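In what follows, a structure is listed as structure tokens, so that the remarks can point back to it.
The values are calculated or read from the model by the stated rules, or taken from the named source; none is laboratory data. No experiment lies behind these values; they were computed from the predicted model shown. Methodologically, a virtual Cβ is constructed for each residue, glycine included, from the backbone with ideal geometry; neighbour enumeration extends over all protein chains shown. Note: areas computed on protein heavy atoms with side chains; ligands, DNA, RNA excluded. Shrake-Rupley method; radii C 1.70, N 1.55, O 1.52, S 1.80 Å.
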Amino acid sequence: MDTLSQACRYLRLVIIAAAASASAVHAATIDSAETDTAVRYTAGKTADIRFYSRTVQDKTTTAYGAKADLRPLTGIPVAVYGGMISCAGLISRLKTPVTQTGSATAAAPRPGAMTLSLPASAAEHPAGAGIRFTADTFTAAAVWQKDGTWKASAGTGVQYQSQTSPRRLRLSLNMAAGTFRLQPPSFSTWYSTTRRFMPRRYHAFAIESAVRYTGRSTSIQSIITAGLHENPFSTVRYWLKNESSIQLRIPRKPRSQQVLRTLSLNTVLFATDRFLQHPHAEEIISTDGTRMHIQAYCSLNPQITLAPSARTVLKAGVSAAQAYKTETTPSGWYERRLEAAASLAGRPGTLRMSAGMRNSKSSAKSSTVNQYTGRISASHTGAAAAVSLSYQPDSGTAVQKVSISFSGAGGSGIAYAAGAAVSCTEKQRKFTSGSVQAALKLKKTFGGLSCSAKFIVISSF
């Protein structure tokens with residue numbers, strides 16, 4: 001009871017401080033002020049209860065969730081969820097089957113069925129209930145949400161292990177399906193090139209097969225995914241995707257410093273039925289009601305890992321990709337991206353650098369759009385800083401951003417984290433706009449109960 005009363009007293013102080021902060025920044029004519037509060041209770045791996053609240057100006061958004069693991073009590077590998085549940089894994093690919101974001105040093109994807117998680121922040125999301133069963137070779141999950149949406153998945157895998165060598169072969173199969181309510185977009189004008197459709201529930205299904213071979217010095221993986229969508233303008237639409245990776249590990253020699261550690265290559269191939277068979281068909285409508293503008297996509301991503309010393313690891317990679325999109329014009333755009341990235345991690349900290357180029361060209365016109373980006377960041381124990389730049393030579397637009405952050409622990413066991421960011425935009429070498437953002441987060445833990453508050457202010461100049 002003493003711990004609970006202390007937590008309630010601390011939470012009350014947090015709410016009072018949040019209200020005072022919001023009033024102060026409003027009186028100072030700050031453009032935007034945000035206050036986030038969070039309360040979380042955990043009982044080992046058995047129970048997890050969360051509550052979040054976010055206030056931006058005069059609007060408040062809340063999120064909550066709870067999870068109970070029944071394995072410690074019943075021995076059955078089942079976990080039940082309630083509240084605002086998020087789903088990831090294969091089911092999320094029905095919403096976004098391919099993305100053009102990611103680092104050139106990112107790891108190869110892993111296959112997997114639908115995973116469930118509790119909210120990590122306050123966001124508008126329908127409440128619901130879910131259940132997940134996890135065994136050694138089989139997983140299953142199901143979620144029902146208040147808006148009538150349901151999602152379910154199942155996955156299985158088998159592994160063959162050599163008795164005389166470290167060679168392993170793993171085969172896996174995952175499936176996911178759901179019913180989603182599609183709402184046509186609203187238009188502010190009476191004329192639009194996008195056809196309207198009746199809002200109702202539509203079905204979607206995805207299947208994923210993967211094979212992974214691991215040897216003494218080589219790892220090979222291939223993931224094939226197919227998605228089927230019930231669309232308003234046709235019976236069934238589909239897309240196909242292949243993700244492959246190969247990694248070569250350099251054996252270490254005894255009593256010698258082996259600098260080269262790994263060489264790897266990741267590839268992605270993606271295409272919709274419009275690109276493969278029906279060039280005049282409309283875009284596939286994904287599970288969130290938006291249209292899939294990327295009709296075809298391919299990328300190559302070679303990477304290398306070096307160990308200059310026993311405490312330092314250098315990882316570098318180059319990513320080259322091309323996409324065929326219909327976002328800007330029905331005739332389509334070809335977009336090419338090239339990115340190079342490197343990260344240096346050691347005991348003192350981590351240093352990351354990246355540079356990229358994007359080139360877009362219409363398939364029907366000669367107009368092109370070019371963009372160049374660069375970013376460098378460094379982190380040390382309790383501190384981090386980053387600088388980024390984006391430049392479009394066609395329009396003469398340049399965006400610079402600088403951010404810093406630090407964290408630590410103060411008196412009475414209160415942990416804190418603070419940060420600030422400045423962004424400036426120039427056009428034709430003339431300043432056009434800028435913004436400043438500052439954030440402060442405080443966190444206090446009472447056994448299994450933790451309370452935190454975060455204050456964010458944004459001002460434009």
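A compact table of results
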| read-out | value |
| --- | --- |
| Per-pair calculated FRET efficiency, R0 = 25 Å: R110 and L389 via Cβ, rounded to 0.05 | 0.15 |
| Extension gain (nm, one decimal) between I376 and M357, 0.36 nm per residue minus Cα-Cα | 5.3 nm |
| Accessible area (Å², 1.4 Å probe, nearest 10) - I246 | 80 Å² |
| Sites A420 and Q258, calculated FRET efficiency, Cβ-Cβ separation with R0 41 Å, nearest 0.05 | 0.45 |
| Inter-probe distance in nm under a simple model that places probes 7 Å from Cα toward Cβ, at H280 and S403 | 4.7 nm |
| Area accessible to solvent at I224, 1.4 Å probe radius, in Å² | 90 Å² |
| Distribution of pairwise C-alpha distances over the chain, 20 Å bins, in % | 18, 50, 31, 1 |
| Accessible surface of region 409-461 [probe 1.4 Å, protein heavy atoms]: carbon and sulfur percent | 57 percent |
| Area of E426 that stays accessible when all protein chains are in place (1.4 Å probe, Å², to 10) | 70 Å² |
| Coarse-grained scattering of region 91-174 at q = 0.14, 0.15, 0.20, 0.27 Å⁻¹, given as base-10 log I(q)/I(0) from a Debye sum over alpha-carbon atoms | -0.72, -0.80, -1.12, -1.31 |
| Cα-Cα over 26 Å, subset of K361/K427; K430/K454; K67/K151; K59/K443 | K430/K454 |
